[in-house]
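Q: Attaching a single structure in structure tokens format; questions to follow.
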Amino acid sequence: MTKANKSLKKSLKQLEKEFPNEVLPKEKLPLLPREMAYAKIPLEKFSVEHLCFMIMHGLGWNFLIPMAIEILIKNPFAEGEDIGYSLLGSVLSVKGSFWKENPDLYERVEKILQTAESVKTEEAETILTVSLPQSIYDFRKNQMSGNV
């Protein structure tokens, strides 16, 4: 069982006490009001919107990326309802240093991305060619440059 699975009943704020610097990076402190509110929600109650927002803001990646991957396996085009962020786009925006430290997660996201690219609907093609091309390029650039 992964760290993320063991910790679903806890919030990022609670997890920070157990895993300092893995959840709330010092450069992100103090948290903005919305970040603080989301950091107090137990992970098991996180919505796609919560995941998108916190991942995009660089918080809790060690716990939230595995959760996001599980959702993306089922639906590569999952979105946060109120914010319009694509979960895939949020995950693809994660820094290369994270992927270098977590090559297994990188490979899982690459497989999800390949699955998404095989979907031949107008919506899928629009998301991949209009909304995410730079994020896809940047994500894959990590692998090509040997960072993963």
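Q: Which residue out of Lys100, Lys111 is touching a Phe, Trp or Tyr at 6+ places or on another chain (Cβ under 9 Å) and assigned to a helix (DSSP H, G or I)?
A: That would be Lys100, the only listed residue that is touching a Phe, Trp or Tyr at 6+ places or on another chain (Cβ under 9 Å) and assigned to a helix (DSSP H, G or I).
Q: Being under 15 Å from Gly58 (Cβ atoms), exposed (fewer than 15 other Cβ atoms within 10 Å of the Cβ) and not small (Gly, Ala, Ser) is the filter here; which residues of segment 90-124 pass it?
A: Lys95, Glu101
Q: Still on this structure, I have one more. Only one of these is basic (Lys, Arg) and modelled with pLDDT of 95 or more: Lys95, Lys120, Lys111, Lys141. Name it.
A: Just one listed residue meets the conditions, Lys111.
Q: Please work out which residue is modelled with the lowest pLDDT, limiting yourself to segment 17-68 and to residues that are part of a loop (DSSP other than H, G, I, E, B) and among the charged types (D, E, K, R).
A: Ranking the qualifying residues of segment 17-68, first place goes to Glu22.
Q: Quick one: what pairs do we get from segment 56-71, first residue closer than 11 Å to Val109 by Cα and touching a residue at least 60 places away in the same chain (Cβ under 8 Å), second small (Gly, Ala, Ser) and in a helix (DSSP H, G or I), C-beta under 6 Å, 6+ apart or different chains?
A: Short answer, once both residue conditions are applied: Pro66/Ala4.
For (1) of a type in the set (A, V, I, L, M, F, W, C); (2) in contact with a strand residue (DSSP E or B) (Cβ under 7 Å, 6 or more places away or on another chain); (3) surrounded by 15 or more Cβ atoms within 10 Å (Cβ to Cβ), each residue gets a yes or a no:
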{"site": "Glu22", "(1), (2), (3)": "no, no, yes"}
{"site": "Pro25", "(1), (2), (3)": "no, no, no"}
{"site": "Leu32", "(1), (2), (3)": "yes, no, no"}
{"site": "Gly58", "(1), (2), (3)": "no, no, yes"}
{"site": "Ile69", "(1), (2), (3)": "yes, no, yes"}
{"site": "Leu87", "(1), (2), (3)": "yes, yes, yes"}
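Q: Now for a different question. Quick check, is Leu12 over 16 Å from Glu101 (Cα atoms) and without any contact (Cβ under 8 Å) to a residue 40 or more places away in the chain?
A: no
Q: Can you tell me which residue among Lys111, Lys141, Lys120 is of a type in the set (Lys, Arg) and either closer than 26 Å to Glu27 by Cβ or touching a helix residue (DSSP H, G or I) at 6+ places or on another chain (Cβ under 8 Å) (or both)?
A: When all the criteria are applied, what remains is Lys141.
Q: When only residues in segment 47-56 that are aliphatic (A, V, I, L, M) and out of contact with any Phe, Trp or Tyr (no Cβ under 8 Å at 6 or more places or on another chain) count, which is surrounded by the fewest Cβ atoms within 10 Å (Cβ to Cβ)? Can you show your working first?
A: Pass one, segment 47-56, residues aliphatic (A, V, I, L, M): 48, 51, 54-56.
In the following step, the residues that additionally are out of contact with any Phe, Trp or Tyr (no Cβ under 8 Å at 6 or more places or on another chain) were identified as 48, 51.
Numbers: Val48: 21, Leu51: 25.
Only one residue tops the list, namely Val48.
Q: Condition test on Glu44, is it of a type outside the set (Lys, Arg), more than 27 Å from Glu27 (Cβ to Cβ) and exposed (fewer than 14 other Cβ atoms within 10 Å of the Cβ)?
A: Considered against the rule, which asks whether it is of a type outside the set (Lys, Arg), more than 27 Å from Glu27 (Cβ to Cβ) and exposed (fewer than 14 other Cβ atoms within 10 Å of the Cβ), Glu44 comes out as yes.
The values are calculated or read from the model by the stated rules, or taken from the named source; none is laboratory data. A quick note: this is a predicted structure, and the numbers were derived from the prediction, not measured. Glycine also receives a Cβ, built like all others from the backbone with ideal geometry; neighbour counts cover every protein chain displayed.
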